């Protein structure tokens, strides 16, 4: 199996990166080996100190997917600006933001609303099995995530077996609104963060938090700072005591949090968000 040797000055933890909740199609064996489906690749990978042993995709693909080409030290230095985030960084050392497939990330976070991770994983697997291409790997059958046309070419009812609930029409209408995945991905990538955010929120079922997740995890808009109940609680307790605790989170509160984070943590505040989320207690 091929091996990637990590530079000594570049921290990376496979377990922290895949186990923090940013991706949904990875499983870990008891021996520390991870299995995942990324695009048309089924990847098997494990870490032993500074070595990554893998198969299923080229080394360049592995490096880009796990953001191993990002110099993490200046990113961490820029967000390490107070004792609380410092403790989160120390606890989750080596966590990197993955470059997720853009269309898949859009749909994954659309169907992730108001759900726990096991349920999200089941829904994504169901959509892939229903509409995606089969991939044989190591004597097992996996499924690639389908392109928009594979979903939109059928009636909306074809999604009913995936048990998406109220999210079903959102996925179908979004697939119909994006006839060419590559053109959409390139167009979105070229937009500044705020403009891209508005474009995403014009799609059905996409609110501020989902838009920011997609921009952070798929488009590397590191100024995105997704706010869920956990991040809101952390920010209220440690950074913005006057925020208020009423439910649900208002648009004004959301904007207050994300704008504070952009000033306080800087241009890589999205990295700060993921460290705060991954290190949370509860």
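The values are calculated or read from the model by the stated rules, or taken from the named source; none is laboratory data. Predicted model, so just to flag it, every value in this text is computed and none were measured. Note: ideal-geometry Cβ built from the backbone for every residue, glycine included; neighbour counts use all protein chains shown.
Some observations on this one:
- Subset of the range 34-62 (residues that are loosely packed, with under 15 Cβ neighbours inside 10 Å, touching a residue at least 24 places away in the same chain (Cβ under 8 Å) and farther than 18 Å from residue 104 by Cβ): 50, 51, 53, 55, 59
- Top-ranked residue of the range 7-22 - restricted to ones that are assigned to a loop (DSSP other than H, G, I, E, B) and touching a helix residue (DSSP H, G or I) at 6+ places or on another chain (Cβ under 8 Å), ranked as surrounded by the most Cβ atoms within 10 Å (Cβ to Cβ): 12
- Test: residue in the range 202-213 that is more than 27 Å from residue 73 (Cα to Cα), assigned to a helix (DSSP H, G or I) and assigned by TED's automatic domain parsing to the domain that holds residue 86: no
- Selection status of residue 108, assigned to a helix (DSSP H, G or I), at pLDDT 95 or above, more than 22 Å from residue 235 (Cβ to Cβ) and touching a strand residue (DSSP E or B) at 6+ places or on another chain (Cβ under 8 Å): no
- Taking the range 242-282 as the range and being assigned to a loop (DSSP other than H, G, I, E, B) and either modelled with pLDDT of 90 or more or within 21 Å of residue 90 (Cβ to Cβ) (or both) as the test, the residues that pass are 266, 267, 268, 279, 280, 281, 282.
- Failed item in (1) over 21 Å from the mean Cα position of the chain (by Cα); (2) surrounded by 13 or more Cβ atoms within 10 Å (Cβ to Cβ); (3) within 20 Å of residue 114 (Cβ to Cβ), with residue 264 passing the rest: (3)
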